[in-house]
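Enquirer: Shown below is the structure under consideration.
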Amino acid sequence: MKAKLEQQTLHTPKRKLGKELWRSRYLYLLLLPSIAMVAVFNYAPLYGLTLAFKKFNAGLGIMGSPWVGLDVFKKVVTDSYFWYVFWNTIKISLLYITFTFPMPILVALFFNELRSSKLQKTLQTVYTFPHFLSWIILSGIFINFLDINGPFNAVLSALGMEKVLFLGEKELFIPILLITSIWKGAGWGSIVYLAAIAGIDAELYEAAELDGANRWQKMFYITVPSIATTICMLLVLQIGQLINSHFDQIFNMSNPVVAEVADTIGVYTYRITFQSSASDFSFTTAVGLFTSVINFMLLTIANVFSKKVQGVGVLEGGK
């Protein structure tokens, strides 16, 4: 009798799970295309990472290419130019975090302080629109505008100043990247912060007004602390992408003149893979795997720091 009860107890969770799956079968059917897409495009290509441990031969294919262990990684870490682009990538990424990350926060605070809802919606539309333009289109626009015979130089010439080859000056190239990145992404990035601001309890502002707080004080002592969790989580995510240094923008806006300051890991691997006479797929796969591991380590460290400072983390679902 006891054994029978134990057997029924063991089978009960399975029966409940089966009934629940059958009851929600149509929802799971709707989920299947998404699962299939993730499996095909995100997990199946992971097999290609084996190239980092093989000497790839196009004739033999991935499966037939011989294993070489960690020889490709040794080649990566002993390549002096790889370390140059690695540190250059970190430098550029830190500049992006320093100057571009705060801008969506400032834009969101600015929108939140507007009293005219019509003006707010209009400006939101204007500020968000550049996000939907690809860097291929925007790069062509900026290159023409900043050309030696472009509108910017025409204005400088009209003011009696010397013309400047903006995208041909190493000292100006990185600032131009930062400015154009802010112009393109600040409006779109502010949407998350506006959503967080919308969730703030209005009674906090009412209580602050009763205590005589002005708009600046309400912003600094209520709005900003209330969205600190969102800021912290997005910062952690951006730190986790530190080595992925805005390839689309840099690749489309750079040129051989500024290659010394513009060369990042993304551009470097692209050039070796697709623009070199002797493409080394094993080498570029090893570089990609190496940088992914570094990104994961940075994400983990930033997540731990976030949990200690703000009490929330990304890897634990924000708990």
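Enquirer: Placing +1 at every Lys and Arg Cβ and -1 at every Asp and Glu Cβ, with all other atoms neutral, what dipole size does the chain have around its Cα centre, in debye to the nearest 20? Let's see the in-between values first.
Expert: Numbers: 25 positive and 19 negative charges, 330 e Å.
Here the chain has a charge dipole of around 1580 debye.
Enquirer: While we're here: From the phi of every residue in segment 133-149, what ³J(HN,Hα) in whole Hz does the Karplus formula 6.51 cos²θ - 1.76 cosθ + 1.60 yield, where θ is phi - 60° and glycine or proline is x?
Expert: Per residue, the Karplus-derived 3J(HN,Hα) values read 9, 6, 5, 5, 5, 5, 4, x, 5, 5, 4, 5, 5, 9, 5, 4, 10 Hz.
Enquirer: Something else: For segment 137-160 and segment 84-102, what is the centre-to-centre distance using only Cα atoms, to the nearest Å?
Expert: 26 Å
Enquirer: How are the alpha carbon pair distances in segment 261-304 distributed across 5 Å bins from zero to the largest one, expressed in percent?
Expert: Cα pair-distance distribution for segment 261-304, in percent: 5, 22, 21, 18, 15, 9, 6, 2, 1.
Enquirer: In nm, to one decimal, how far is the modelled label at GLU171 from the one at TYR43, with both set 7 Å along Cα→Cβ?
Expert: 5.4 nm
Enquirer: Next up: If you project the alpha carbons of segment 78-309 onto their three principal axes, what span does each projection cover, largest first, in Å?
Expert: Reported extents, whole Å, longest axis first: 71, 53, 26.
Enquirer: Kirkwood hydrodynamic radius, computed over distinct alpha-carbon pairs, for segment 75-173: how many Å, to one decimal? Display every interim value, and only then the final one.
Expert: On the way: mean 1/r = 0.0573 Å⁻¹.
Across segment 75-173, the inverse of the average 1/r is 17.5 Å.
Enquirer: Kindly state, to the nearest 0.05, the FRET efficiency for GLU113 paired with ALA228, given R0 = 25 Å and r defined as their beta-carbon distance. Please report the intermediate quantities before stating the final value.
Expert: Working: r = 18 Å, r/R0 = 0.73.
Computed FRET efficiency for GLU113 and ALA228 comes out at 0.85.
Enquirer: Here is a follow-up. So between MET63 and SER276, what do we pick up on full extension, going 0.36 nm a residue minus the alpha carbon distance?
Expert: On the way: separation 213, 0.36 × 213 = 76.68 nm, distance 2.37 nm.
Gain on extension, MET63 to SER276, equals 74.3 nm.
Enquirer: Any idea what the relative contact order of the chain is, in percent, if you count C-alpha pairs under 8 Å spaced at least 6 apart?
Expert: 24 percent
Enquirer: Quick check: net charge around VAL287, other residues with Cβ under 12 Å of its Cβ, Lys/Arg +1 and Asp/Glu -1?
Expert: Values: positive: LYS75, ARG271; negative: ASP79, ASP280.
That sum, taken over residues with Cβ under 12 Å, equals 0.
Enquirer: While we're looking at this one, here's another question. Can you tell me what the convex hull of the Cα atoms of segment 71-114 projects to on average, as an area in nm²?
Expert: One quarter of the hull surface, i.e. the mean projection, equals 3.8 nm².
Readers should treat all values here as calculations from the given coordinates under stated rules, not as data from a laboratory. For clarity, every value in this text was computed on a predicted model and none was experimentally measured. All Cβ positions, even for glycine, are placed from backbone atoms using ideal geometry, and neighbour counts span all protein chains on display.
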